[in-house]
Amino acid sequence: QVQLVESGGGLVQAGGSLRLSCVASGGTFSGYSMGWFRQAPGKEREFVAVISRNTGITYYADSVKGRVTISRDNAKNTVYLQMNSLKPEDTAVYYCAARRGSNSVIRRDYDNWGQGTQVTVSS
């Protein structure tokens, strides 16, 4: 099992930017595909982005494509989510998740989750 701790959330105005970080410990980080999900109040947790273990292949939800970039630094056991041109509808708790195996957009495919970091975008 790998432990995940997110940081970098906060309050930002529409059009602004934030960079979320997720540090992993207790496992071989390079062996995990890493995903970001988010959950807004009263809604299901939804996929945002994922990056593969070693090849850096990425995939994004249509709702964030072109505004969000996922990246990882295996030497630092860290995955990042750079979010630009933020919109009020991006307001949610953002979760980092890890899974052994190939990229997945499905929440239940992930075994390891962080505690989440709040992102609030004001209009």
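FYI, it's all coordinate maths here, none of it is from the lab. These numbers were taken from a predicted model, which means no experiment stands behind them. Don't worry about glycine lacking a Cβ; one is built from the backbone with ideal geometry, like all the others, and counts go over all protein chains shown.
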Task: Scan of region 47-57 for residues that are in contact (Cβ under 8 Å) with a residue 40 or more places away in the chain, surrounded by fewer than 18 Cβ atoms within 10 Å (Cβ to Cβ) and either more than 11 Å from Ser102 (Cα to Cα) or polar (S, T, N, Q) (or both), ordered by number - done: Ser52
- [ ] Looking only at region 94-106, decide whether some residue is farther than 16 Å from Glu6 by Cα and without any contact (Cβ under 8 Å) to a residue 24 or more places away in the chain.
- [x] no
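Go through region 1-27 and report how many residues are of a type in the set (S, T, N, Q) and either under 14 Å from Lys76 (Cβ atoms) or surrounded by 13 or more Cβ atoms within 10 Å (Cβ to Cβ) (or both). Don't jump to the end; show me each part of the working.
Step one: filter region 1-27 for residues of a type in the set (S, T, N, Q), giving 1, 3, 7, 13, 17, 21, 25.
Adding the requirement that they be either under 14 Å from Lys76 (Cβ atoms) or surrounded by 13 or more Cβ atoms within 10 Å (Cβ to Cβ) (or both) leaves 3, 7, 21, 25.
The number of residues fulfilling the criteria is 4.
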